[in-house]
Structures are given as structure tokens and as C-alpha cells.
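To start, the structure under review is shown below, and the notes come after it.
The values are calculated or read from the model by the stated rules, or taken from the named source; none is laboratory data. Small disclaimer: the values here were computed from a predicted structure and weren't measured. Glycine also receives a Cβ, built like all others from the backbone with ideal geometry; neighbour counts cover every protein chain displayed.
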Amino acid sequence: MTEFFTFFVYLATLFSSVLLARNGFHLNKLKYDRGNYFIVGCSLLVLVLVSGLRYDTGKDYQNYSYLYEEVQFMDNTAELDMEIGYTVLVEFLNNLNLEVWSFFMISAFLTYILFFYSFNKYKPILYLGIFFYITYGFYFYSFNGVRQAIAMSALSVAVMFAQERKIVLYLVVILLGGLMHKSLFLFIPLYFVINQIRFSSLFWYLAFGISLLLHFVPFDNLVDLYLLSEILSGTQVDYGNFAMGLTENANEAGSLTLGYLIRVGIGFFILSFYSKLIKVEPSSLPYFTLALIGIILYNSFSHILFMTRINYYFLLFSTFALAFIIRYLFVSNQLLLANSVLVFFIMLYCYGIYVGENGCSPYTFITF
């Protein structure tokens with residue numbers, strides 16, 4: 001019964017949010033009125049409610065709940081050793097005598113509304129972005145890495161402003177997002193290079209091949225971990241055990257698992273459309289570039305915890321790349337391939353539910 005309920009909740013979330021967004025920002029509509037935005041707002045609401053009203057769902061749920069309850073007994077929230085944005089939000093909600101669900105609800109709202117807004121220039125494919133955000137595991141990741149999920153969505157908005165050369169808005173978004181997760185500050189220099197990076201397909205194919213070889217080389221054979229740890233320690237990017245985490249699994253080589261091979265295959269699929277898509281949709285170049293950086297890093301160091309957490313920022317842009325690809329396949333009448341990809345990702349999503357990816361299963365609603 002629990003398994004059926006969990007599948008029902010997550011599949012209903014997927015199809016309702018995607019269909020609402022598709023109907024709201026339809027491909028053939030040139031203008032969007034209040035009614036359209038209301039429909040898309042309902043799509044956002046579905047994601048927020050399922051995420052925000054969960055109970056004991058997500059690997060870090062208990063940790064966040066514990067910290068939330070402990071704040072009221074602290075004289076100085078600096079004892080938490082957490083980002084100021086997080087501590088201020090938790091203090092504020094505690095002062096209102098709200099329970100922990102309020103924190104998860106607000107966090108979910110911030111995460112998903114930022115992600116929705118990052119498609120502001122690409123409204124007709126927002127529904128595809130939502131589809132891949134959910135089915136490729138980022139929705140479940142937001143149940144676990146709550147603060148970083150907000151920062152990741154903030155980066156996607158910042159990249160939109162970088163394309164428009166709006167440096168003030170870019171920095172504001174990065175700084176505000178960094179108040180929830182300091183690792184976002186690492187991306188401040190991205191503004192100055194994101195529109196300048198344009199590598200050939202040959203470069204990416206070579207990098208892809210090399211990354212598969214690096215997967216079998218221990219990380220500490222490639223990088224001076226002591227020096228890197230010293231550089232990071234005491235800086236604004238040193239959150240918690242950030243520097244110490246560099247050494248975790250660093251002396252191990254990667255292995256071939258089914259999950260790894262599937263993600264490598266998805267990465268190669270994205271790469272195979274790189275050259276064609278940046279010609280058809282030139283504005284997609286920064287999204288493909290960031291996605292491919294994430295793919296290369298994943299291929300090389302997916303077994304290194306430190307690299308995995310940072311790499312989520314890059315991998316998020318795979319949702320944009322995949323959305324561009326599927327739209328291209330639909331427009332060019334390659335319907336069989338497009339629908340096959342969509343079905344594959346639905347199967348991938350169902351498998352993630354079955355194995356409880358990021359602690360997503362079983363799903364339980366809170367009781368008031």
C-alpha cells in the first residue's frame with residue numbers, strides 16, 4: 001500500500017506539473033495573459049506542496065528538523081555554523097511559532113520558482129525543463145540538499161542574467177543564493193567567461209573520452225589535495241567540512257555500475273546534439289557548455305563526494321540541454337526518438353522512486 005501511494009504521489013506530481021506548464025506556456029502561443037501565468041503557477045504549486053508538506057522524506061530531513069527545533073534553545077545561532085540566510089530564515093519562522101514544515105515549504109518555493117523563472121526566455125519549453133528536472137533526479141535531490149538546491153536554481157537565473165549582460169542582477173542573485181549555500185560564491189567569475197566559452201565538438205568528444213579514462217584513476221593521483229585543502233580552508237567557500245571532504249574516497253578509483261553507465265549514455269546523447277543545437281538555437285550555447293562540463297566531471301569523478309556536490313551545479317544545466325534537444329526533435333518531426341527519450345526518463349524516474357533515491361521513498365505527508 002505504501003509503495004503504491006508513493007508511486008501515485010510522485011507520478012501524479014510529474015504529470016500534473018508538466019501538463020499544467022505545457023498548457024500555460026504553449027508552443028503556439030505568442031502572448032501570455034494572467035490566465036496562462038495562473039496555470040503555470042498551479043504547476044509550481046504542485047511541486048511546492050509535495051515537497052513542502054512531506055514528512056521524514058529525504059535523507060537530510062531529520063537533520064534539518066533537528067536544527068530547526070534546536071534554534072529556539074540557542075542564545076547565539078552562530079553555534080549552528082551555517083550560512084546567515086539559513087539561520088535568519090529559521091530564526092524568523094521559529095519566532096512565529098511555526099513548525100518545521102514551514103521551512104521546507106519556503107525552501108521548496110524558492111527552489112522551484114527560481115528554476116521556473118530561469119526559463120523566462122524559453123517559456124514554451126518550460127514544461128520540458130520541469131519534466132527533466134523531476135525525472136533526472138533534481139527534484140529528489142532538493143529533498144536532500146535543501147540549501148544547495150536553492151543555490152543551484154539561483155545559478156540558473158544568474159546565467160540568464162549573464163547572457164543578457166546584466167552584471168548587477170547577476171551578482172545580486174549569486175550573493176543572495178550564496179546566503180543559503182556559500183559554495184555558490186565560487187561562480188562569481190563565471191559571468192566574465194560564460195559567453196566566451198565556445199569549444200568545438202571535437203574538443204568535447206576528446207574530453208568525454210579522456211573523462212572515461214580518468215574515472216579509473218584515483219583522484220589523489222591527479223590533484224595535490226593537501227595544497228587544495230589549504231587554499232580552501234578559511235575562505236568563504238569553506239562550508240562545514242568542505243576542505244576535509246576532499247580526501248573522502250580520493251584514493252579510490254571508480255567502478256562500472258549500471259547507474260554510472262546510464263548517466264554516461266545520457267551525457268553522450270547530449271553531446272551528440274551539441275553542434276547541431278548551438279547552430280539552431282545559438283542562445284543555448286552557455287547551457288550546453290555548463291551541462292557538458294558537468295558531464296565531463298561526472299564521468300571522471302562521480303565517486304568523489306566533494307566533486308559530486310559541486311558538480312550538481314553544472315549537471316542542473318542538463319535539464320536545459322535536454323529540453324532544447326526534445327523541442328528540436330519535435331519540431332524536426334523526429335517524434336519516435338523524442339518520445340522514446342521521454343519514456344526512458346519516465347522509467348528512470350520510476351526506478352529512482354523504487355530505490356528511494358535521495359531518501360524519497362516511502363513518501364509521507366505531514367499530519368497537522
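Points to keep in mind about this one:
- Residue identified as at pLDDT 95 or above, closer than 25 Å to Tyr61 by Cβ and in contact with a Lys or Arg (Cβ under 7 Å, 6 or more places away or on another chain) among Tyr363, Tyr351: Tyr363
- Meets criteria (aliphatic (A, V, I, L, M) and under 16 Å from the mean Cα position of the chain (by Cα)) for Leu297: yes
- Out of Leu155, Leu179, Leu96, one residue alone is over 24 Å from Ile39 (Cα atoms) and surrounded by fewer than 19 Cβ atoms within 10 Å (Cβ to Cβ). It is Leu96.
- Residues (aliphatic (A, V, I, L, M), closer than 22 Å to Val146 by Cβ, assigned to a helix (DSSP H, G or I) and in contact with a Phe, Trp or Tyr (Cβ under 9 Å, 6 or more places away or on another chain)) located in the range 300-331: Met307, Leu315
- Cβ pairs under 8 Å, 6+ apart, first in the range 57-71 and within 17 Å of Tyr363 (Cβ to Cβ), second surrounded by fewer than 17 Cβ atoms within 10 Å (Cβ to Cβ) and of a type in the set (Val, Ile, Thr): Thr57/Thr364
- Among the residues making up the range 44-68, a single one is touching a strand residue (DSSP E or B) at 6+ places or on another chain (Cβ under 8 Å) and in a helix (DSSP H, G or I): Tyr61.
- Looking only at the range 258-286, and only at residues there that are within 19 Å of the chain's Cα centre (by Cα) and of a type in the set (Val, Ile, Thr), the one that is nearest to Ile197 (Cα to Cα): Ile270
Conditions (1) of a type in the set (S, T, N, Q); (2) closer than 30 Å to Phe5 by Cα; (3) more than 15 Å from the chain's Cα centre (by Cα); (4) crowded, with 20+ Cβ neighbours inside 10 Å, marked per residue:
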position	(1), (2), (3), (4)
Asn311	yes, no, no, yes
Leu316	no, yes, no, yes
Thr319	yes, yes, no, yes
Ile325	no, no, yes, yes
Leu329	no, no, yes, no
Leu337	no, no, yes, no
Leu342	no, yes, yes, no
Tyr351	no, yes, yes, no
Tyr354	no, yes, yes, no
